Structure formats: C-alpha cells, structure tokens
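Here's the structure, in structure tokens; my notes come after.
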Amino acid sequence: MNSQTVKKIRHTYLLEEGKWSVSGVYFDAENEEKEVKGEQRIKHYPNQWQLDSRMELQDMPKKVIQSTYKIEPTADEGEFTFWESDDPNLGQLLGRFMIVGNTIMSMYQSESRLYLGTEILEKVDENRYKVKGFSFSGDEKLASWEIALKRET
C-alpha cells in the first residue's frame, strides 16, 4: 500500500455559503429537452444549512422547479450528511450527500417511497461544478438533467 497521503479536496459548493447560477438541459419523462436556468443559494446557520433552489424551464409557461433543502451540518472531516425537503409535487424528500474525492453525490427518496433519485456534482474548479441527475416514480422516469453550477458570490 502506498504510504503517500492523499490530499483532501476542498469543496466550495454546499460546504461554503454562496450564490450559484444554474444553466443546462432538463429532459422530461418523454425525453423532451428543455433549457433550464436559475440560481441556488446556500446559507449556513448554527444547527442547519439551507439550500434554496429555483430553476425555470425555458419556453414553458410557469414551469418553475423550486425547493428548499434543510441539511445537517457536517463535522470538520465529515464525508456525508443528511437532508430533507418538502417538494410540492413529490411530498417530503429524505436524502443524503456523500463526498468522494472531487464529487458530491446525492441520493433521495420520498417519504412515501414512491419517488427516488440521484445527483452527481463533479467539481471542475473553485467556482464551477458539472451536475448530472435523474428521478423516478416507481419504474417510470420523471426527469433527468445535465447542468452547470457557477459561483456568483
């Protein structure tokens, strides 16, 4: 085994407060492609972190995807944490974030266990992440997406 110490990657998304712009592509259940734009804000409070996300599907009247995640703060060297969100369409979602190298992974399911999904956030540099994810209702695809996050502040 190599005795060389592996340098821990410092993540700027989620683990630091900030505002992030969102841009990319959203695919609905029929695999129809829509451009998506929006923003995410991360705030750290003493007993909870909060992630507010608002994304709009372009060229669709009133199609907004909005959610607030309540996240348990990680310990100093913590590699995972738990989160929950009340989704207006899916109900309460329960999930976790796991950090592996340059990637933050998220998996979740609804409290009813009907809906589930996953998301992979790959760090490009201090101010950018590439994100890919999908969600299902039972055995049926709800959506998939490929977006970019860019730190604004």
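Readers should treat all values here as calculations from the given coordinates under stated rules, not as data from a laboratory. The model shown is predicted, which means the values in this text are computed figures rather than measured ones. Backbone-built Cβ (ideal geometry, glycine too); neighbour counts: all protein chains shown.
Sparse packing (at most 11 other Cβ atoms within 10 Å of the Cβ) combined with a DSSP loop state is found for the following trypsin sites (Lys or Arg not before Pro) in the stretch 105-136: Arg113.
Indicate the gyration tensor shape class of the chain (rounded, prolate or oblate), computed on the Cα atoms with a ≥ b ≥ c the square roots of the eigenvalues: a/c under 1.5 is rounded; otherwise a/b larger than b/c is prolate and the rest oblate. It is prolate, given that a/c is not under 1.5 and a/b is the larger ratio. Distance from the alpha carbon centroid of the stretch 36-111 to that of the stretch 8-24 works out to 12 angstrom.
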